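Here's the structure, in structure tokens; my notes come after.
The values are calculated or read from the model by the stated rules, or taken from the named source; none is laboratory data. In this text the structure is predicted, and so the values were computed from the model without any measurement. Heads up, the Cβs are rebuilt from the backbone with ideal geometry, glycines too, and the neighbour counts pull from every protein chain shown. Accessible surface areas use protein heavy atoms only, side chains included; no ligands, DNA or RNA. Shrake-Rupley method; radii C 1.70, N 1.55, O 1.52, S 1.80 Å.
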Amino acid sequence: MAAASWYHRDISRVVAEELLAKAGRDGCFLVRDSESVAGAYALCLLFQRHVHTYRILPDDEGLLSVQTIQGIQAKCFRTLPDLIGAYQQPNNGLVTPLLYPVHRARQAADEDSDGEDGRGGGHVVPAGGAGVGAWLSAPVTSRTHISQQLHQRLQEQIHSSPANDFMGFMAEYLNHHVQLDLEALRHGHPQLRHLSTALVTACRGLHSEIDFTLAGLETLAKVFDPPTSPRSPRREQGPLTSDPDLELLLNKISTVNQLLSSLEKKVLKSLQETMSRHNLVLPSVAAAPPPATKPLAVQSFEVKVGKSQRATLMVDVEAGTVAITKRGSGAPEETIPQDKILQLIKYQSVQSKVRLVYDRDPQKSLNRDFIFPSARKREAFCQLLQLMKIQHSNLDEPDLISVYVGTWNMGSTPPPRSLASWLTSRGLGRTQDETTACIPHDIYVIGTQENSLGDREWVEFLRASLKTLMAIDYRVIALQCLWSIKIVVLVKPEHERRISHVHTSSVKTGIANTLGNKGAVGVSFLFNGTSFGFVNCHLASGSEKTHRRNQNYSDILRSLVLGDKRLSAFDLTLRFNHLFWFGDLNYRLDMDVQDILAHITKKEFEALLAVDQLNLEREKNKVFLRFSEGDISFPPTYRYERGSRDSYMWQKFKPTGMRINVPSWCDRILWKSHPETHVVCNSYGCTDDIVTSDHSPVFATFEVGVTSQFVPKKAPGSGPEPLACIEWESIEVIVKTASRSKCYIEFHSYCLEEAQRSGENTSQSCDIPGFLKLGWSAKHLPVLNPILPDLEYLGDHHLLLSIKGVESCESYGECCIAMRSMIGSMAQQFETFLFHRGEETGSMRGWMKVRVPKDRRSTRERLYEWISFEEEDAEPAADAPPCPKPPLQRLRSRPRSLPEPAASYTNPAYFIFEGVMWAPGSGSGEAHDSQKESPEQRGAQPLCVPGAPSRGHPHSPPAIGQQKRPKSAIVARDVPGLGDCSLTALHMATYLSQLDRASPERRGDTPKTLLHQTHSALEPPPRPYREVPRCSPDSHLHGRPRERPCDRSERSLGAGCLGHLGLRQDMEGLQKHGWDHLETFRHQGAGPAGGWGAQPDPSLAPPQQARRGHGGEPAVET
């Protein structure tokens, strides 16, 4: 059976709908794997701009049928092509016959730049739920095609395989004998006799090699066997047979494996017994005691106090004191014990300034400001005080740990003798200060690529290196390898008992996703109550392979099996409190090599980062959605001349000619954490003295807040147990889909005994092409009762929500909500993105509250909460709108992922449904420091909202934790004037749908897109009974939303400039690229504001799930 081009294997629902939208014709169809039922398929059919999905299920006999409504007899088919052929005829129950197959894109030959990759084989469509069993139900002529297809796939692989002789045996089997095995299997004989004969013939030479190796190993083993008594019978050793039997060959291989694994222990035992028998003594090196833990020396910092006075701060971590000594004075002016230090405040406006708040007496606290020589010195001082607090705390379990992450492509060469600079984060970029570089981290995660060392050899080398540097014997928690890709996790001995639920996994993304020269390895575990995930990957190389690298990322994201199995249906990036993703990502710089070298010489890294492929793909939301990365202030880590770091070897000579490998930041470290968790990146850089590879090792260190098992202060059973409850007022969802399916919500959390499920959505509208708006009222949302009602317990937990189709049970998107900010007696608004299989699929918002009994509201301050941030607001521009300026505030340090209220956003699809206006603004108005905003972080500014804080509100340091805009949002660049606004296909689709509904006489008018944020995502919208300030009596005339003065001044910045684009060209672009094409339509200048919007019709009836269509039995649309 030839490969069916309409079968797209395991593509996601979103990708399937995009392919159908690009085809754009009623009756277009494709088949993909079901995401909810193993062995099942999903038939996706386009009709009247909506995608209708039908589930194809196998029965116990492997027969396939389209799921129908109850009481209707289903038609069964032996193969998937038979089923598709039948439904290409009319009157079969679908909304329209299957007319135009959407073909799977053929993968072109894709040779890796290093000569490692070859052509990926095409996929053969499975014919039913029984896999191979369904092939066997095909007629004889189809089985002949199976042989031909398999032989063709073998031919595609021969050019990349050195085993040509072996391939010859396999080709003969596929040509002449595979049909006999298929026939035998069909009649119930699963032995595959002809395959066994072919393998035995192919492996004939392996017998003699194994016989020779086995004889030598047994001889060596006998040397170290204990001597036998002359009268004791010797063990009979039969002659090694050369009978080419496959089972015998496997037994021999097993014997070799057992001998190799036991030989080292046997030799060690024999040598130990010999030493004991003859009273031999080894040299003193072997008996040397392990090094004691190094005490941390007292560290001194030169600081400026006041305008001109100089002083020295002496930090004694072991004693738990900070001494202040004025210059010229011999004795300390003041010594502050650690328990008297109340707060450490970092200034963001002055990166080297810090304020120390401490108690001098019970009734009075003092504030003292210190200015350090550099920001790095200030960070070192703060880290030492943090370490001092941790060491002298009375906690049984830690609140804060340090995590080291390192990645290095070793270039298939042994490492140098010392890895000190790598393991202590010293070199180029944002590095550790010398005073804190040798402070041991709690967890070390080391990822390598092209590592030629053996697994045990590499692990012991790392342990020995850390023992030499830190005087700590780190314990190995996990090791996972895929060919030369390795990941090792080491922890301090005292943390070993805190580690549980360790899982490892690997994914191959090499040739046809079957070779492990490229791919990923992953490790996940729990540290007390906090879940961690680590992924080390090696993606496809070559400057032109950006799309393939994106596909590698998607394959890894989908296929890695890590974390709690109960969360396997959720996106991998949502399964952990903290996920770290690193490795040789191989993204390159899109710039001429000479220009790149010139910028590197001048250390103009910003210009290079603007053309970095990873940054560009992240900006397009193609990969690493909502991940974070530290500031890159070090030169590209690839491709250096080996043995030096003075020059890049960007020319590579191959048999096919010279290849240019431009210097690039191939080696990266990114992370993604749950909202309202504490994670701070303290360093991100590369070494400059490890030169054995053409890559430089890269490191990053993190300060991570962790939780432990909660012990309630009130013993259970001491009285009637009060209950906490999680209540929902409403939930509103917009998903990117062309389906009209009814949906429900699943709720998961570790604070719940089991997952909960809502009822079906109570409202539904699909006025905007490619988007479906769903709503749930309080009646159809469950009240969730956590296991424990304590505030401290609930504040550490999160809710995972999944939007699923009622019929298909496939996910339309998942999200995570932090419970900490939802605790209270009043409902709080939340808003978040939806993800599925690494793609952004929509948005969710709603109102909820977490009610906690009064006697369970006690909590404690975490160790990482005593450091806070203070920043003075930037002065407003002279022509800025009169928005209120909040007073200067000093807040406790908030989790880095907490969004700033004024930097929040709403999915523009909300604005379209509500018929309001969005205005892109200018800059952020922040006083920026060395942490610059990325292009993705610079979003359109909301209009002034009464009572909303400004962007300078110091919830978190600048450029940290700011949420990125949805990919359907307008992006306003930081350029003078209006700037370069980009419109994605969402706005184009909206424009076209408005023109379709407009009257003929108005189609020539300038279109007016209505995009306007009515309220901040974190600021509740005005309730009906609340008094809303008005700027003028007529500000709400003609259905226009209320305006403030700043609204009018910014109206010229509206996004209603779609009229500058030709309608025909836009239609063709959408048909060619789909509704979500990410190549933006750019424009200059602003159009007039105002216009008409698409108001949802509350009386809109939800579409029927069972449609009779063109006659026949009604199939169930999912």
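Note on segment 745-802: residues that are touching a Cys at 6+ places or on another chain (Cβ under 8 Å) and β-branched (V, I, T) amount to 2. Checking the structure you have, find out if any residue of segment 799-807 is over 25 Å from the mean Cα position of the chain (by Cα) and open to solvent by 10 Å² or more (accessible area, probe 1.4 Å). Yes, segment 799-807 contains at least one residue that is over 25 Å from the mean Cα position of the chain (by Cα) and open to solvent by 10 Å² or more (accessible area, probe 1.4 Å). State the number of residues belonging to segment 27-52 that are in contact with a strand residue (DSSP E or B) (Cβ under 7 Å, 6 or more places away or on another chain) and within 13 Å of A738 (Cα to Cα). The number of residues fulfilling the criteria is 5.
Tell me the residue from D584, D595, D564 that is touching an Asp or Glu at 6+ places or on another chain (Cβ under 9 Å) and either open to solvent by 10 Å² or more (accessible area, probe 1.4 Å) or touching a residue at least 12 places away in the same chain (Cβ under 8 Å) (or both), please.
It is D584.
Filter segment 452-478 down to residues that are within 21 Å of G685 (Cα to Cα) and either of a type outside the set (A, V, I, L, M, F, W, C) or in a strand (DSSP E or B) (or both), then give me how many there are. Steps first, answer last, please.
The initial filter retains those residues of segment 452-478 that are within 21 Å of G685 (Cα to Cα), namely 462, 465-466, 469-470.
Now restrict to residues that are either of a type outside the set (A, V, I, L, M, F, W, C) or in a strand (DSSP E or B) (or both): 465.
Within segment 452-478, residues that are within 21 Å of G685 (Cα to Cα) and either of a type outside the set (A, V, I, L, M, F, W, C) or in a strand (DSSP E or B) (or both) number 1.
Checked against (1) aromatic (F, W, Y); (2) assigned to a loop (DSSP other than H, G, I, E, B); (3) modelled with pLDDT of 95 or more, Y744 passes all but a single condition, namely (2).
Figure legend. Inter-residue proximity from segment 617-634: first residues touching a residue at least 40 places away in the same chain (Cβ under 8 Å) and within 11 Å of G838 (Cβ to Cβ), second residues open to solvent by 40 Å² or more (accessible area, probe 1.4 Å) and in a loop (DSSP other than H, G, I, E, B), beta-carbon distance below 8 Å, spacing 6+ or different chains. Indicated pairs: R626/Q963. Against the conditions (1) under 16 Å from R845 (Cα atoms); (2) surrounded by 19 or more Cβ atoms within 10 Å (Cβ to Cβ), Y793 satisfies every one except (1). Does at least one position in segment 554-561 carry a residue that is in contact with a Gly (Cβ under 8 Å, 6 or more places away or on another chain) and open to solvent by 50 Å² or more (accessible area, probe 1.4 Å)? Yes, segment 554-561 has at least one match. Could you check, for segment 650-658, whether at least one of its residues is of a type in the set (S, T, Y) and either under 16 Å from L589 (Cβ atoms) or touching an Asp or Glu at 6+ places or on another chain (Cβ under 6 Å) (or both)? No - not one qualifying residue is present in segment 650-658. Residues that are over 26 Å from the mean Cα position of the chain (by Cα) and under 16 Å from R845 (Cα atoms) within segment 727-764 comprise E727, W728, E729, S730, S758, N761, T762, S763, Q764, listed in sequence order.
The set of residues in segment 649-672 being touching a helix residue (DSSP H, G or I) at 6+ places or on another chain (Cβ under 7 Å) and over 17 Å from F580 (Cβ atoms) consists of W650, I660, V662, P663.
Here are D631, D689, D646: which of them is farther than 27 Å from R378 by Cβ, open to solvent by 40 Å² or more (accessible area, probe 1.4 Å) and among the acidic types (D, E)?
D646
The strands (runs of 3 or more DSSP E) found wholly in segment 648-717 and carrying at least 1 residues that are modelled with pLDDT of 95 or more and under 30 Å from L799 (Cα atoms) occupy 667-673, 679-686, 698-705.
In the set (1) within 21 Å of H678 (Cβ to Cβ); (2) open to solvent by 50 Å² or more (accessible area, probe 1.4 Å), V354 fails one condition alone, (2).
Exactly one residue among Q343, Q348 is within 20 Å of E865 (Cα to Cα), modelled with pLDDT of 90 or more, open to solvent by less than 60 Å² (accessible area, probe 1.4 Å) and within 37 Å of the chain's Cα centre (by Cα), and that residue is Q343.
More than 22 Å from T413 (Cβ to Cβ), in contact with a His (Cβ under 9 Å, 6 or more places away or on another chain) and among the polar types (S, T, N, Q): does that describe S673? Judged against the criteria, S673 is a match.
The selection criterion, being out of contact with any Leu (no Cβ under 7 Å at 6 or more places or on another chain), surrounded by fewer than 17 Cβ atoms within 10 Å (Cβ to Cβ) and either at pLDDT 90 or above or on the phi < 0 side of the Ramachandran plot (or both), does not hold for D359.
On the given criteria, is A738 in contact with a strand residue (DSSP E or B) (Cβ under 8 Å, 6 or more places away or on another chain) and touching a residue at least 60 places away in the same chain (Cβ under 8 Å)? When the stated conditions are applied, A738 passes them. Only residues that are within 17 Å of L419 (Cα to Cα) and touching a Pro at 6+ places or on another chain (Cβ under 6 Å) were counted across segment 670-699, and they come to 3.
With respect to (1) open to solvent by 30 Å² or more (accessible area, probe 1.4 Å); (2) in contact with a helix residue (DSSP H, G or I) (Cβ under 6 Å, 6 or more places away or on another chain), the lone exception for C766 is condition (2).
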